[in-house]
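First the structure, in the form of structure tokens, and then the observations on it.
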Number of protein chains: 2
Amino acid sequence: MRLCDYIAQFLVKQGVKDIFMLTGYGAMYMNDAIQQSGIKYYATRNEATAPMMAEAYARVRQSLGAVCVTAGPGATNAIPGLAEAFVDSAPILVLSGQVESRYTTHKIGIPGLRTFGSPEINIVPIVQSLTKFAAVVEEPSQIRYLLEKAVYYALSGRPGPVWLDVPLDMQQMEIDPSSLKGFVPTAESNIGDIDKSVKQAFEMLSSAKKPLIIAGHGIRQACLASQLRSLVETLKVPVIFSRFGQDLMPHSHPFVFGHGGGKGSRYCKAIMNQADVVVSLGCRLAPQFTGHDFEAFAKDVKIIMVDIDPAELEKPGIPLALKIRAHLRPFMDALLNEVKLQPSGNWESWVNTCREFKQKNPMVTVASKRNPIDLYYFMYRLGELSGKNHVLVTDAGSNYYVGGQVWNFESGQREIMSGTNAAMGTSIPLAIGAAVAAPDSQILAVTGDGSLELNIQELKTISHYKLNLKLFVINNGGYASMRKWQDTYFDGRRIDTEESTGAGTLNLKQVAKAFDLEHVCIERYEDIDVQLKKIMSDDRPLFVEVMTDNNQKIFEAFKDKDG
Amino acid sequence: MRLCDYIAQFLVKQGVKDIFMLTGYGAMYMNDAIQQSGIKYYATRNEATAPMMAEAYARVRQSLGAVCVTAGPGATNAIPGLAEAFVDSAPILVLSGQVESRYTTHKIGIPGLRTFGSPEINIVPIVQSLTKFAAVVEEPSQIRYLLEKAVYYALSGRPGPVWLDVPLDMQQMEIDPSSLKGFVPTAESNIGDIDKSVKQAFEMLSSAKKPLIIAGHGIRQACLASQLRSLVETLKVPVIFSRFGQDLMPHSHPFVFGHGGGKGSRYCKAIMNQADVVVSLGCRLAPQFTGHDFEAFAKDVKIIMVDIDPAELEKPGIPLALKIRAHLRPFMDALLNEVKLQPSGNWESWVNTCREFKQKNPMVTVASKRNPIDLYYFMYRLGELSGKNHVLVTDAGSNYYVGGQVWNFESGQREIMSGTNAAMGTSIPLAIGAAVAAPDSQILAVTGDGSLELNIQELKTISHYKLNLKLFVINNGGYASMRKWQDTYFDGRRIDTEESTGAGTLNLKQVAKAFDLEHVCIERYEDIDVQLKKIMSDDRPLFVEVMTDNNQKIFEAFKDKDG
């Protein structure tokens, strides 16, 4: 069989049903093999978005995502999406086409040679630091080993993207699959004694007066949502989420207090401020979550951090009482056993205090019902009216912050966003990937009129594939978040955020039409519920323009004094 | 003064009048300093295109181009354009914002840490192999040294992009410019004895029966167009161009034979086939120019290659009779002197043979006048009607090939394209950069309905800045070039190029409207001249849809047998 067919069949065996790609000469045999394998291919309009779609696909399905791009610019175009998948820990495999081996700078090895064949770029050194594994297929006999190794790295430990560069001559080579050598992972090192760690953590927790669990992305990635729930319910302690953890448990659950950190809610700020022992499970405790110098927490807080990525445990400036490098599954299983065996603290009054914080510091009030539409009110209603299996998606800027503060997820709902970077222009490709992954769900994606422009080409992907995706475009005069910092730091000297540079001045109705999407406009708060219900009852893609206040205030936990 | 102001003033001193940027929090002090410095900033709609615009700007003005992007995704988004500038040897400086130093993985140095601050990506390792120099500003006292070093590398030898990553704390630091250390370049090594090289080259050339000069990008970059003309006129030898060299001399000149190589014209193929001694000046002799195994040339051809980049001289499979590593200016000056002093060969009959080839193998004939429009005819008329100071731009695919085969440049005209990669989606950003660089010129940019989609967001940049730019969008049903190889290699199994994936199915009239551009449509060959004259007499931006034959045949010198 052709090597390219081996690759495609390997993907099928990994459970890959869909792939995101832009075809090209340098990947032509792989393109053909993918088509023949029965994997459904989704054509992106720029390779930049293909890894973003694959990221959402991987996160929604909790399995491998796949991308195929062509050589040269096809590969470099894909880097923006690759970077997202890397920091967001998404297990995706990017296959890039390449010119014939003899025309690759990789094979030639002349230092400083910029390019050789056409179009040729030596992609592996570029993507090396944005992947867990990246390699060129140099010999056809390597293919099984390289694919198995790549997928092992993508999925194991802290997941992340991997990359294989496949020259044209390799793609078309005939191989005998039965003669190929496989990959055998070596045993993992530096995993400590779980029993000891669990005992230490349990002791520290038992001594707490105001314990708090922080649940992060690692829990989702290890498929431990139900274990988290058991742990919280057995311990009877409050839990807050990193942005990635928001959809782990229903927010109506009495021990759930939503999104913490700098972009979190007012009441989460109060809870984090008072906690004395914190158990962080699969959350990297980023500065945007902990604040500068850990300002979000009390000075004498004891933090237990459990993570599989050793680098995250070694970050400076994080005063950890206990660092535990462990896979979350055995750790959480053992901790739950420990908790069930021994009595821990009674934290009812602390939990009640947390509930009081929440009650007294609502993010949406009667005052939010106003015109022009308050973004908090719109986002809140969108969340409240969303259905059980809906996937919510946000983009960079105001809608990202507000979504984290007002959405109360229910069981079965998912949130997909550029969690680490809050990168502009990611909402559309992430929503497309989610829609492909979950064809029976409805995707409710929010973007801003500034962010919309970055990957506007993919609107055509939405309309072409008739995805059940509603895109809500917040019309707030473009780059509202940027206007805010420019006003704060530079006496209102504004740059690139006003009509002077054309930011946010597109006629959105015309844009929807150009990309074959039906346009709906929400202009008044009184109409939100009726319009949203109608929109959600439709299974066609829709482009919904939401006219909101251009001077929207956003709550920032580490800056606002009123929390 | 603030370090960011020092950067902006340094750019001003380098002659930078315009910069391409998308503002962002991580670059906010630089954004502010640029605005205050009087440099005009052009807001791009995605950072991917900013380096492409700067590339065109640098190539048209023959000086430094500049870009400023923000941290994290701002920086990684810019890589597609950076890769283009690297392989196309464009001297551009990219300034990226960055989070505070203490939150950078660069400073922290923990192996494997993916990201720290928000949004933070350690960009230097990623761009290292796509730049001539890349560094992080670690101390404010380094800034003069780093800027001078970066710009020296960008402009010296074979030009190319450089990158400086400037953390937020550095941007706002107060510095005393008088105390800063500068950069002193070390003496260049490995430049051989020019006199000896010139003598050897001259001797070889003198012994030729059918000499040929190949003029490449290096001549333009060293500003040697007039020296080339003197050399050709004194020697009285035919000259052909790499794609980058096409605009070096007027094509009406009796010794000029246009574009050679695989994408060149039928008559160039015949000339290259017969030449016995070839002097290549500043051309990298890429496989797409020489063919596989040098098939474009006669078996016993003697090739003299003159280049400043030592890596290009060492590529395998190129049977060079003489490798000369030299700066082109002293080499060409010395060669011209030598030629003037001594009699060289008499090549009149060889030149006449070349002229006969040209006459007998026209790329456009009476048969090209047909409907649906033959792309050759349209491109030919566009070239013929273009004005003296017009800049012509092409994108990937059919229009790229045809432009190289039928455009007869005149003195003062320029061509700007993705010369090395022929990358999809580059026409619009390159045209914008050219328009900013040459506000008194008219930009005639061609793209295809497939390529258009990749950077469609920048249509708004064209309309917003009211650039004197005519965008010709070839409507050929999308991805015409891809259809061709799919039909050739895969029995017509087509992927991603048919209406099945939505490629090339945008309603272009609506697209123009969405991005505030006036739409014009050319549908019949009989109307081309009248419509083009009207279009070129207008100084507003225009979106011109050109309906062409979906089954356009493209001449390929190394594949077509009829050449």
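Coordinate-derived values only; no laboratory data. Only a predicted model underlies this, so the values are computations on that prediction, with no experimental measurement involved. Positions of Cβ are backbone-derived with ideal geometry, glycine not excepted, and every protein chain shown enters the neighbour counts.
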| To the nearest whole percent, what portion of all C-alpha pairs in chain B is separated by more than 39 angstrom? | 31 percent
| note | Distances in nm between the label point of A:Gln128 (7 Å along Cα→Cβ) and its equivalents in the other copies, shortest first, are 0.5
| request: Can you list the distances in nanometres, one decimal and ascending, from the B:Asp293 label point to the identical position in each other copy, with the point 7 Å along Cα to Cβ? | output: 7.2
| query | Can you give the FRET efficiency for B:Glu295 and A:Val184, using 1/(1 + (r/R0)^6), R0 = 56 Å, r = Cβ-Cβ distance, to the nearest 0.05? | reply | 0.80
| If one computes the Cα centroid of the range B:292-331 and of the range A:369-407, what distance in Å separates the two points? | 62 Å
| note | Plugging the Cβ-Cβ distance of A:Gln359 and B:Gln128 into 1/(1 + (r/R0)^6) at R0 = 45 Å yields, to the nearest 0.05, a FRET efficiency of 0.25
| Rule-of-thumb Rg ratio for the range A:3-179 [Cα; 2.2 N^0.38 Å; N residues] | 0.92
| message | Please compute, over every Cα-Cα pair in the range A:47-109, the percentage with a separation greater than 12 angstrom. | response | 65 percent
| Can you list the equivalent-ellipsoid semi-axes of the range B:366-547, largest first and in whole Å, using the square root of 5 times each Cα gyration tensor eigenvalue? | 25, 19, 16
| query | Which ordering of A:Thr186, A:Thr105, A:Thr234 is given by a fewest-first count of other beta-carbon atoms within 10 Å? | reply | A:Thr186, A:Thr234, A:Thr105
| request: Could you tell me which trypsin sites (Lys or Arg not before Pro) in the range A:260-315 are loop residues by DSSP with no more than 16 other beta carbons within 10 angstrom of their beta carbon? | output: A:Lys299
| note | Hydrodynamic radius by Kirkwood for the range A:194-360, inverse mean 1/r across distinct Cα pairs, in Å, is 15.5 Å
| query | Size of the range B:455-532 along its principal axes in angstrom, Cα-based, largest extent first? | reply | 45, 32, 17
| request: Would you mind listing the distances between the A:Lys236 label point and the same position in each other copy? Use 7 Å along Cα-to-C-beta, nm, one decimal, shortest first. | output: 10.6
| field | 10 Å-binned pair-distance histogram of the protein assembly as shown (Cα, whole percent) | value | 2, 10, 19, 23, 21, 13, 7, 3, 1, 0, 0
| field | the range B:366-547 - charge dipole about Cα centre, Lys and Arg +1 at Cβ, Asp and Glu -1, debye rounded to 20 | value | 160 debye
| message | Roughly how far apart, in whole Å, are the Cα centres of the range B:449-477 and the range B:97-129? | response | 35 Å
| task | Please identify which residues in the range A:485-529 have an amide N closer than 16 Å to a label point set 7 Å out from the Cα of B:Lys40, following the Cα→Cβ vector. | result | A:496, A:500-502
| field | Qualifying trypsin sites (Lys or Arg not before Pro) for the range A:413-504 [loop in DSSP, other Cβ within 10 Å: at most 12] | value | A:Lys466, A:Arg493
| field | In the range B:512-563, trypsin sites (Lys or Arg not before Pro) in a DSSP loop with at most 13 other beta-carbon atoms within 10 Å | value | B:Arg524, B:Lys553, B:Lys559, B:Lys561
| In nm, to one decimal, how far is the B:Gln342 label point from the B:Asp176 one, both placed 7 Å along Cα→Cβ? | 6.0 nm
| message | Which entries of B:Lys236/B:Lys388; A:Lys466/B:Lys460; B:Lys13/B:Lys340; B:Lys299/B:Lys559; B:Lys209/B:Lys315 have Cα-Cα distances beyond 29 Å here? | response | B:Lys13/B:Lys340
| Neighbour count of at most 12 Cβ within 10 Å plus DSSP loop: longest GluC sites (Glu not before Pro)-free window in chain A | A:189-498
